Amino acid sequence: MEAAQIDLRGPIKSRSGLGLATNAAFSPLERPGWTSAVGFRLAIVRFFNRKLLKAFKRASADPAAAQRQRLTQILQTHQGAGYLRHHGVTGPLDPDTFRQTLPVVTYDDLRPWLDPLIETGKPGPEGTLVAEPVEMFLKTSGTTGRAKLLPVTASLADETDRGRRIWIERMIAQDERNALGCHLAVISPMHEDRTPGGIPYGSNTGRIFLSQPEIVRVFAPVPYPVFGVQDFDLRYYLILRFAARKYDLGTLTTANPSTVVLLCRKLLEHLPEIAKDIEEGTICHGARQAALDAVSFAPMIDRAEALAAMQKEARPDPKRAQQIRDAAAGGPEGLLHRLWPMLTTVNCWLGGHAPLYLDRLEPFLKTPQGAIPLRDPGFSASEGCFGVTLSSGTSEAVLHVLGPFMEFVPEDAPDNPGDQTLLAHELKVGARYRIIVTTSGGLWRYDMRDVVEVTGFHNATPMVRFLYKAGGTLSVTGEKITEGHAVTVATELRAATGAENILATFEFTDPPRYVVAIEMPQPKDTVDLQAAADLWDQAMKRANVEYAEKRGSGRLAPAIARQAPHGAFSRWRRRRVEQGAPDGQVKMPPLIRSIEAMDNALFDGKEAP
């Protein structure tokens with residue numbers, strides 16, 4: 001594959017394999033003052049990022065040197081931390097010695113160091129993971145199990161902020177109109193509550209939002225307290241109610257494409273009601289007002305201040321209300337452009353199992369000039385930022401070699417590879433690796449279980465795309481069905497049946513078989529379950545030769561299909577959010593670990609018919 005050489009200063013083209021439009025599909029907006037407004041905002045971004053961009057250019061040309069320097073900086077920052085003393089580390093180490101000295105770990109391995117801090121607010125007998133104060137904990141979405149609490153330090157915030165600033169600069173450089181207008185980010189509260197030890201915990205999206213300067217936050221259309229509303233349906237109504245009042249919304253950002261689909265569908269449902277509220281200057285009315293009067297907010301959001309902040313932004317605007325009614329009259333196709341003519345990018349994941357949702361967005365993204373571009377927010381998680389996307393329409397990201405220290409092992413390597421890891425400059429195009437990270441937040445050689453594929457290079461630094469979580473694999477007889485297989489098959493099945501959502505697992509019949517749960521778009525829709533099961537079975541044979549072999553030998557029985565109740569996937573998602581998962585990050589996986597888990601998720605704990 002040809003290496004990607006990207007000029008940090010000029011516009012760049014997408015190398016997308018997703019068939020998504022880039023910003024080139026748009027003609028400039030004919031608005032007075034457009035050129036001067038763009039120039040002013042772009043000048044500010046580049047002024048504050050000028051040193052970072054130079055450093056990024058140097059680092060991408062020599063990732064080995066950049067990563068050595070980052071390891072030295074991380075070890076110097078946390079010199080004297082109890083965890084490092086425990087392993088005999090008293091100063092900077094070169095990468096080879098570092099890998100020989102510290103073990104590869106999981107979250108459970110770090111619990112003895114984290115739990116005392118979480119429970120008491122004080123270090124355990126051997127100290128803590130970091131030498132800096134822990135400002136808060138990030139609560140992860142618990143993709144592979146129960147939620148985890150990850151420490152945030154000042155240096156971790158700086159480490160991740162560097163990646164975010166490069167991403168923003170490239171987004172604006174690719175299409176300068178991305179600097180215009182208001183910017184809607186669907187987030188969760190920075191501080192949900194406090195640990196037993198008194199340290200606040202919450203979401204990374206909220207932390208990033210509140211860490212921005214006030215001059216940036218002023219362009220957010222939704223008052224921050226709205227994201228702390230504890231009623232799921234009311235929260236989404238209020239997000240849309242305040243976003244819709246802004247004609248000049250320029251960007252929409254949320255990690256999960258399923259959240260964008262949800263927002264679009266709720267827009268269709270609620271726009272007439274939203275128009276009434278905007279015309280009259282009410283926050284909401286009728287039953288929703290009663291719900292707002294009774295609703296709880298996240299524990300660290302003051303209710304009176306929250307309501308006051310919302311009321312301040314709820315001014316009557318009959319002209320905008322009529323624009324909203326006109327936008328709603330056209331139906332789903334082109335809805336976002338009609339409602340927000342200045343919307344130039346929607347930012348959400350494009351990798352992993354995101355393709356399951358992207359085709360559902362297509363009608364909403366249409367404009368007379370083409371589709372509103374989609375831009376991946378980068379290869380990142382609560383644990384840190386690991387890759388920065390440089391263009392729209394692709395999930396490819398250049399490794400963030402100015403961020404954490406990163407190691408890699410082949411996808412099928414043992415769980416504890418010791419010092420047998422590769423560094424960024426040693427990766428090969430086309431190969432798949434698990435990533436192991438050392439961050440400024442105390443994750444020392446932490447196995448992320450994320451599998452990435454190297455797609456090319458930016459200068460000398462690998463470009464990668466996230467595929468799936470290692471361990472997110474189902475295997476009864478050695479067939480090893482991954483999320484990648486499941487996404488491919490589910491996409492084919494959805495196209496053939498019109499299904500809304502698809503989830504697969506296995507059950508231990510004799511011989512064992514796979515079970516596919518299918519939800520249709522409308523309550524009265526039905527699906528031919530036998531035909532659907534046959535389609536899934538044949539598609540999986542094509543996608544996975546091991547599955548085909550096991551089916552051919554009779555070690556696996558033919559798959560069966562079950563129709564999930566209408567709305568089952570939405571209720572499952574809502575339960576996960578109500579249990580504390582950040583709603584912008586909730587991933588609805590294409591695979592689930594057992595038939596019991598499927599029954600609990602979609603069939604209220606009952607065996608599916």
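The values are calculated or read from the model by the stated rules, or taken from the named source; none is laboratory data. Everything quoted here is computed from the prediction, not taken from an experiment. In this analysis, Cβ positions are derived from the backbone assuming ideal geometry, glycine residues included, and neighbour counts consider all displayed protein chains.
Observations on the model:
- Where strands (runs of 3 or more DSSP E) fall wholly inside region 382-465, the ranges with 1 or more residues that are surrounded by 23 or more Cβ atoms within 10 Å (Cβ to Cβ), of a type in the set (Gly, Ala, Ser) and within 23 Å of the chain's Cα centre (by Cα) are 384-388, 397-399.
- In region 334-381, residue surrounded by the most Cβ atoms within 10 Å (Cβ to Cβ) [restricted to those that are in contact (Cβ under 8 Å) with a residue 60 or more places away in the chain and of a type in the set (Lys, Arg)]: 375
- The set of residues in region 447-485 being among the hydrophobic types (A, V, I, L, M, F, W, C) and either within 19 Å of residue 392 (Cα to Cα) or modelled with pLDDT of 85 or more (or both) consists of 448, 451, 452, 454, 457, 460, 463, 464, 466, 467, 474, 481.
- Residue within region 264-283 that is more than 20 Å from residue 318 (Cα to Cα), touching a residue at least 60 places away in the same chain (Cβ under 8 Å) and in contact with a Lys or Arg (Cβ under 7 Å, 6 or more places away or on another chain) present: no
- The number of residues in region 416-467 that are at positive phi and not small (Gly, Ala, Ser) comes to 3.
- Selection status of residue 511, more than 28 Å from the chain's Cα centre (by Cα) and under 24 Å from residue 555 (Cα atoms): yes
- Within region 112-126, the set of residues being surrounded by 13 or more Cβ atoms within 10 Å (Cβ to Cβ) and part of a helix (DSSP H, G or I) comprises 112, 113, 114, 115, 116, 117, 118, 120.
- Counting only strands (runs of 3 or more DSSP E) that sit completely within region 145-237, zero hold 3 or more residues that are out of contact with any strand residue (DSSP E or B) (no Cβ under 8 Å at 6 or more places or on another chain).
- Residues in region 467-506 that are among the charged types (D, E, K, R) and farther than 23 Å from residue 526 by Cα: 469, 479, 480, 483.
- One residue stands out among those in region 74-84 that are more than 28 Å from the chain's Cα centre (by Cα) and assigned to a helix (DSSP H, G or I): the one that is farthest from residue 407 (Cα to Cα), which is 82.
- Output for region 282-299, where each listed residue is out of contact with any strand residue (DSSP E or B) (no Cβ under 6 Å at 6 or more places or on another chain) and exposed (fewer than 15 other Cβ atoms within 10 Å of the Cβ): 285, 286, 287, 289, 290, 293, 294, 296
- The number of residues in region 247-276 being in a helix (DSSP H, G or I) and under 14 Å from residue 236 (Cβ atoms) comes to 16.
- Inter-residue pairs, beta-carbon under 9 Å, first in contact (Cβ under 8 Å) with a residue 40 or more places away in the chain and in region 409-430, second acidic (Asp, Glu) and part of a loop (DSSP other than H, G, I, E, B), 6+ apart: 425/62
- Region 238-258 - residue that is of a type in the set (Ser, Thr, Tyr) and buried (at least 23 other Cβ atoms within 10 Å of the Cβ) and, of those, modelled with the highest pLDDT: 251
- Residue list for region 186-234, filter: basic (Lys, Arg), in contact (Cβ under 8 Å) with a residue 40 or more places away in the chain and in the same structural domain as residue 327 (by TED's automatic domain parsing): 207
- Look at (1) aliphatic (A, V, I, L, M); (2) over 23 Å from residue 300 (Cβ atoms); (3) at pLDDT 90 or above; (4) in contact with a Phe, Trp or Tyr (Cβ under 7 Å, 6 or more places away or on another chain) and you find that residue 261 fails only one, number (3).
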